[in-house]
Each structure stands twice: as C-alpha cells, then as structure tokens.
Amino acid sequence: MRAPPLACVAALCLSFTPKAGAVPKSLFVQVTSVPAGAEAYRTRTWFKKICDNHRSVGSPNYIQDLVLSEVADQNGTLDAARLSIVEDYFGCFDNVFVGTANLDHADPYVAGMKDSTFRWDNILLSEKIAQAYDARFQQKFPGQAFHWYVSYEANLNAFSLDTTLKNAYAAYLLELSNRLTAVRAGSVLWSPAFWTQYAAVSDQTALRSAIADVMAAAPKVNWLHFQDFVGQAAKQNCSTAAVTYGFNASDGIGYYNLINQAVGSKLASLRVNMEHFVSGGAGCPSGGLYPGESTELSARENAYQTAGVPIGASWEVRWWYRALYGMEDATCNQAEVCNSTDDNCDLKVDEGGVCGGTGGSATGGVAGNATGGGSGSPGSGGTAGGSAGSSSAGAAATGATNAGRASDDGGCGCTIAPSSTPRLLGWCAMLLGLVLRRKLWR
C-alpha cells in the first residue's frame, strides 16, 4: 500500500455516529506518512483515542497490537520525527511490530521480485533499517520487546500460476526473516493480499499447495494477517459519495478458510487485515484514499465474527479513526498547560507550539533529564525558550529529543513526575499478551 493523502475532500469526511469498531482488532500505522510538525495533533488524536477508549481487556472494541509498516526512507534513514510521535503510545498496545521500507519498482510484485538483484537490494535495505531501529529502540526502551513486520507485499493468487514467482518469494521471505530475527529475536508478521475474488479461483487445491510451499520455506514468518482487499477494490465517487464494491466479507472468509487448511496449524496467528478505507474513483484525486463507510464496516465485522474469522492488523489507523469518529478536532492542538499531568495530547514545543496558561518560563531552565520532565520555574504564558543547559541525560537538546520527549510538560519547564508506571504496566501487559496469544491465537 502506498502513502495515503493527508487531506480528505471536506464533504466526504463528515463525522459519523460510531457504529463499527465493535470487534477486537489490531491496527497498522504507516509511519512515514503520519501528520507531523504543526499537524502532529492529528496523529496524537488517533492514538489518544485508542489509549482512552479502546484498551479495556475483554471489551468488543479492544485494540490489541500496533504494526509500523514503513519507518524509513529508501536510503535506510529512519523517520525519527514521526517515530517519536508514534513511540509515545507504544504502552497502549499488547505487541508492537516494526516494518522497514521497500525500493520502488515499476512492477514490484512480479518482475521486481523475480529480479534477484532487486530482491537482494530490498533484503539488505531492510536489514540496515532493522539494525538502526533496534539500536534506537534499545536506547529508548531498554529491556522491552518488539517484533518484525515484512513490508513487502504480494498477490498470493499468482503463486499457483507462476512457479518462478512462488520460489522467488520463498527465497525472499526465508532470507529476510532470518536476517530480521538475527538482529532481534521475535515473531515475524506478513500481510499479503489476494487480488482475485474467491469465487473466481479455478484451482483452490493448487493455490493451497502453493501457499503451503512458500510458508514452509520461511517458518520464521509465523503471523499471517492477509488483506481482505475490500478497500482497494472499492471505488468512491467524489461527486456523489457513492461507493461501489468489488470484494466483500465472503472473499475474506473464503480465503481465511483456504489458508487455514493450508498452513493454519503452523502459524502462531492467522487473521484477516480488514481494510478500513475505500479508494478514490470518479471525480477523486488520483491515488486518493478515504474513510470506509461506517455501515459497511460494521456489516463486514459482523460477517467475519459470525464466520469465526478473527480480525487482525488492519489498514490503517487514520482510516479506522475517521470512519468511526470523523476528522480530527482541535483537542490535541492546544498549548501545553502545567497541570502535573502528561496525557500526550497537546501541541509539543518541538512541533511549533508554545506553553500556555502557567506554562514554561521564557528563560527555559533545564530541558529534559534522563527520565523526562524538565525543571525550571514556570512562567506566565512565556514561550519555552532560553538557553537549555545540560542535564544528567547529556546535552539538553538530546535529553528533550530522546529521554525527555515523553513529557511535553517537561519541554515547557513544568516540574512533574514522568508517567512511567502506566507505561511499564502497558509493556508488562504486552509481554504477557504475547506469551498467551502465541499459544492461543490461530
């Protein structure tokens, strides 16, 4: 999937009464395209909603895991600014999976994958990014765990029609999963697609066999959450807002059963990636994506639940949020106030904000120590500026960017205790959830 546009046509992004979202699931986030800087409040709005309203264990609207689909550019440089936003909310998820990046190709899923040079270039790029992210993670979250996501997708229908392509994917997944888990041990998630409607598959036996061959060649790829393709095949008319659908839940149900018969017993997790968007059609900008229809999403969720098909990591957090709640409001776009609470829902100083209310003094003080939360006397509505000074975390700029960034109040010169207990409890829950679900999820 390519980067979605950040803006919607106004008439198509009206608020909905929440109807869908009543089935537990996980969510993707395409890190390299999330709003940042002055628009970062949009990203924070999505994640704050998850933390506040979708984390009650056992509730039907529970959000389980977070999957970072792309975290770097094609040179292997991490998107540090956007990662810093998303990482503030890792404690609100059971498990975190980290993807890498893909190189561009005119035909990536056939000619590109068959080209051994291109295939190896992608593997080596992913390994470089994985090493860089692992080092970053160890510095920010020492002793904690994350897992891997294979960013390169596939059309699984082609595997039974093209042996060369099938073998190329097997080789790619084997080598990539070996290299990722050599950087850090953990589970490996993949989310390929089926581009053909289930009823149109002429030889289901051959398709089952081909999928089994590829997955057997790469046993470390042990989580498979396949795309249901409903959003990619749906076309929204931007003049009338009418949506026509090419795929529906029956396709996801059929393919889930086919994969389950082929390799279900060998996977730690088999689920459907329920797409929460629709594609732009007539009158829409080329390549545009839009929030899915709430009523259709609800009906699809119910169909999967009735058929016993579990919903897994679904594309993507912005479309999930906008389909349920409409466009982001200004709640997380307010100036920081020193209130002894850091809820990660306000405009950060390094995102162009200023400290309002009793926020930071104009002379700054020490900005960011090893545990977050700066010191210095609060001023009366002054900007968080002045000479930063140094701290026990090293230079203040480093402290504020790394250890201190979890506390926006600290960036304003407020003196608060960092909220480490909830984050720690969240990570404990994540680890416990992984242990349980590796045994129970299928």
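Some notes on this structure:
- Among the residues of the stretch 4-32, those that are at pLDDT 95 or above and either crowded, with 20+ Cβ neighbours inside 10 Å or hydrophobic (A, V, I, L, M, F, W, C) (or both) comprise LYS25, SER26, LEU27, PHE28, VAL29, GLN30, VAL31.
- Test: residue in the stretch 144-154 that is surrounded by fewer than 21 Cβ atoms within 10 Å (Cβ to Cβ), assigned to a helix (DSSP H, G or I) and touching a Ser or Thr at 6+ places or on another chain (Cβ under 9 Å): no
Results for (1) part of a strand (DSSP E or B); (2) in contact with a Lys or Arg (Cβ under 8 Å, 6 or more places away or on another chain); (3) among the hydrophobic types (A, V, I, L, M, F, W, C); (4) at pLDDT below 95, shown as yes or no for each residue.
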position: ILE253; (1), (2), (3), (4): no, no, yes, no
position: GLN261; (1), (2), (3), (4): no, yes, no, no
position: GLY264; (1), (2), (3), (4): no, yes, no, no
position: GLU275; (1), (2), (3), (4): no, no, no, no
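- SER314 at pLDDT 95 or above, among the hydroxyl-bearing types (Ser, Thr, Tyr) and more than 23 Å from ARG42 (Cα to Cα): no
- Residue under evaluation GLU296, criteria (1) in contact with a strand residue (DSSP E or B) (Cβ under 8 Å, 6 or more places away or on another chain); (2) closer than 27 Å to TYR89 by Cα, criterion not met: (2)
- Here is the figure for the stretch 193-215: residues that are in a helix (DSSP H, G or I), within 12 Å of ASN155 (Cβ to Cβ) and touching an Asp or Glu at 6+ places or on another chain (Cβ under 8 Å) total 0.
- So ALA132, is it in contact with a Gly (Cβ under 9 Å, 6 or more places away or on another chain), in contact (Cβ under 8 Å) with a residue 24 or more places away in the chain, loosely packed, with under 15 Cβ neighbours inside 10 Å and part of a helix (DSSP H, G or I): no
- Of all the listed residues (ALA303, ALA335), the sole one being at pLDDT 95 or above and more than 19 Å from TYR89 (Cα to Cα) is ALA303.
- Taking each residue of the stretch 114-129 that is without any contact (Cβ under 8 Å) to a residue 60 or more places away in the chain and under 19 Å from THR164 (Cα atoms) and looking for partners that are among the polar types (S, T, N, Q) and in a helix (DSSP H, G or I) with beta-carbon atoms closer than 8 Å, six or more apart or interchain, yields LYS114/THR164.
- Candidates are the residues of the stretch 93-113 that are touching a residue at least 40 places away in the same chain (Cβ under 8 Å) and not hydrophobic (A, V, I, L, M, F, W, C); the one that is nearest to VAL29 (Cα to Cα) is GLY99.
- Some residue of the stretch 100-111 being within 15 Å of GLU70 (Cα to Cα) and either buried (at least 21 other Cβ atoms within 10 Å of the Cβ) or of a type in the set (Gly, Ala, Ser) (or both): yes
- For the stretch 156-170, the set of residues classified as touching a residue at least 40 places away in the same chain (Cβ under 8 Å) and either surrounded by fewer than 18 Cβ atoms within 10 Å (Cβ to Cβ) or assigned to a loop (DSSP other than H, G, I, E, B) (or both) consists of ASP162, THR164, listed by residue number.
- Among the residues of the stretch 216-245, just one is surrounded by 22 or more Cβ atoms within 10 Å (Cβ to Cβ), of a type in the set (A, V, I, L, M) and assigned to a helix (DSSP H, G or I), namely VAL230.
- Scanning the stretch 59-83 for residues that are part of a helix (DSSP H, G or I) and crowded, with 20+ Cβ neighbours inside 10 Å returns ARG82, LEU83.
- Test: residue in the stretch 301-316 that is without any contact (Cβ under 8 Å) to a residue 60 or more places away in the chain, surrounded by fewer than 21 Cβ atoms within 10 Å (Cβ to Cβ), of a type in the set (Ser, Thr, Tyr) and within 29 Å of SER33 (Cβ to Cβ): no
The values are calculated or read from the model by the stated rules, or taken from the named source; none is laboratory data. The model shown is predicted, which means the values in this text are computed figures rather than measured ones. Note that each Cβ is placed from the backbone with ideal geometry, even for glycine, and that neighbours are counted across all protein chains shown.
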